[in-house]
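Enquirer: Okay, here's the structure, questions in a sec.
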Amino acid sequence: MLNKEIFKEITSIASESNASLIAVSKRKPVEDIAELIDLGHLDFGENYVQELVKKHKELPNTIRWHFIGHLQRNKVKEIISFVHMIHSVDSLRLLKEIDNRAAKEGRIVDVLLQVHVAQEESKFGFNPQDLLSLFENKSFEGFEFVRICGIMGMCTYTSDKQVLQGEFEQLKSVFNEVKNNPEYNNNAWKELSMGMSGDYSLALAHGSTMIRVGSLIFGARD
Ligand SMILES: *Cc1c(COP(=O)(O)O)cnc(C)c1O
């Protein structure tokens with residue numbers, strides 16, 4: 001069930017850290033989203049293309065939709081005209097497809113590069129070292145219709161604080177390594193998207209600029 005009190009509390013905790021809150025509404029009804037819009041919230045995260053397209057049609061287009069799930073290249077065209085930010089770019093081929101589709105739309109789309117730090121095999125993303133090599137090789141140059149704004153990461157599914165802290169630190173250091181290198185010179189580079197329901201305050205303490213919180217706000221998903 002939607003919990004507006006917790007929503008307000010997390011909103012103010014995020015803003016104290018100058019971070020933004022992405023309310024992750026996946027598998028939750030448009031009515032719940034509409035209630036948060038009434039409170040003035042605009043940033044929502046979804047991770048299934050079909051569901052996002054449907055909700056986009058049903059809700060006001062003032063919403064800033066953040067795509068946070070694994071994105072298949074053949075699905076890019078379905079969200080490219082309206083998505084606000086894609087957090088989950090995990091390959092150069094996907095980036096290329098987003099760039100091509102954005103060009104056709106005549107818009108520049110904000111994206112984050114997903115970095116893999118979790119112990120689970122199944123989570124998508126670039127390895128930190130591979131990502132830095134790609135920067136070194138200038139592989140991200142020449143994309144004119146995407147703005148690469150930073151990185152997104154997910155931690156291991158654990159309550160072990162040591163593990164989480166280590167992974168947040170890893171994400172932060174990749175983020176800073178790009179930020180502090182004038183050769184990678186990217187003025188848009190400012191977002192470090194990390195932290196979910198179970199670990200958002202720890203993420204903020206480690207420099208997160210965007211927390212993605214779902215179940216704490218909307219209730220557990222089936
Ligand atoms: C579902 C999801 C979240 C939110 O998870 P909660 O634990 O419900 O807060 C955040 N990020 C991604 C990428 C997700 O898929």
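Enquirer: Pull up the stretch 202-222, narrow it to residues that are in a helix (DSSP H, G or I) and touching a strand residue (DSSP E or B) at 6+ places or on another chain (Cβ under 9 Å), then point me to the one that is surrounded by the most Cβ atoms within 10 Å (Cβ to Cβ). First the steps, then the outcome.
Expert: Going residue by residue through the stretch 202-222, those that are in a helix (DSSP H, G or I) are 202-205, 215-218.
Going one step further and asking which of them are touching a strand residue (DSSP E or B) at 6+ places or on another chain (Cβ under 9 Å), we end up with 203-204, 215, 217-218.
Details: 203: 29, 204: 20, 215: 15, 217: 24, 218: 24.
Per the stated criteria, the residue is 203.
Enquirer: Restricting the stretch 69-99 to residues that are closer than 18 Å to residue 210 by Cα and among the β-branched types (Val, Ile, Thr), which is farthest from the ligand (Cβ to nearest atom)?
Expert: Top of the filtered list is 83.
Enquirer: Next question, about the same structure. Just for the stretch 106-135: of the residues that are among the charged types (D, E, K, R) and free of Cβ contacts under 8 Å to residues at least 40 places away in the same chain, which one is surrounded by the most Cβ atoms within 10 Å (Cβ to Cβ)? Quick ask: steps written out before the conclusion?
Expert: To start, the set of residues in the stretch 106-135 that are among the charged types (D, E, K, R) comprises 107, 110, 120-121, 123, 130.
If we keep only those that are free of Cβ contacts under 8 Å to residues at least 40 places away in the same chain too, we end up with 107, 120-121, 123, 130.
Working: 107: 13, 120: 11, 121: 6, 123: 18, 130: 11.
Once the filter is applied, the top-ranked residue is 123.
Enquirer: Is it the case, given these coordinates, that residue 102 is surrounded by fewer than 19 Cβ atoms within 10 Å (Cβ to Cβ), at pLDDT 95 or above and of a type outside the set (Asp, Glu)?
Expert: Working: surrounded by fewer than 19 Cβ atoms within 10 Å (Cβ to Cβ): no; at pLDDT 95 or above: yes; of a type outside the set (Asp, Glu): yes.
In short, no.
Enquirer: Which numbered condition in (1) closer than 18 Å to residue 95 by Cβ; (2) within 14 Å of the ligand (Cβ to nearest atom); (3) not small (Gly, Ala, Ser) is the only one that residue 189 fails?
Expert: The number of the failed condition is (2).
Enquirer: Related question: So which of 197, 201 ends up being more than 12 Å from the ligand (Cβ to nearest atom), within 28 Å of residue 1 (Cα to Cα), within 18 Å of the chain's Cα centre (by Cα) and of a type in the set (Ser, Thr, Tyr)?
Expert: Step by step, each of 197, 201 is checked, and only 201 is more than 12 Å from the ligand (Cβ to nearest atom), within 28 Å of residue 1 (Cα to Cα), within 18 Å of the chain's Cα centre (by Cα) and of a type in the set (Ser, Thr, Tyr).
Enquirer: Would you confirm, using the coordinates I've provided, whether residue 207 is away from the ligand (no atom under 12 Å from the Cβ), modelled with pLDDT of 95 or more, in contact with a helix residue (DSSP H, G or I) (Cβ under 8 Å, 6 or more places away or on another chain) and closer than 25 Å to residue 138 by Cα? Quick ask: steps written out before the conclusion?
Expert: Values: away from the ligand (no atom under 12 Å from the Cβ): yes; modelled with pLDDT of 95 or more: yes; in contact with a helix residue (DSSP H, G or I) (Cβ under 8 Å, 6 or more places away or on another chain): yes; closer than 25 Å to residue 138 by Cα: no.
It is false that residue 207 is away from the ligand (no atom under 12 Å from the Cβ), modelled with pLDDT of 95 or more, in contact with a helix residue (DSSP H, G or I) (Cβ under 8 Å, 6 or more places away or on another chain) and closer than 25 Å to residue 138 by Cα.
Enquirer: What number goes with the only condition from (1) touching a residue at least 24 places away in the same chain (Cβ under 8 Å); (2) more than 20 Å from residue 84 (Cβ to Cβ); (3) assigned to a loop (DSSP other than H, G, I, E, B) that residue 186 does not pass?
Expert: Answer for residue 186: the failing condition is (2).
The values are calculated or read from the model by the stated rules, or taken from the named source; none is laboratory data. The model shown is predicted, which means the values in this text are computed figures rather than measured ones. As a convention, Cβ positions derive from the backbone with ideal geometry for all residues, glycine included, and neighbour counts pool all protein chains shown.
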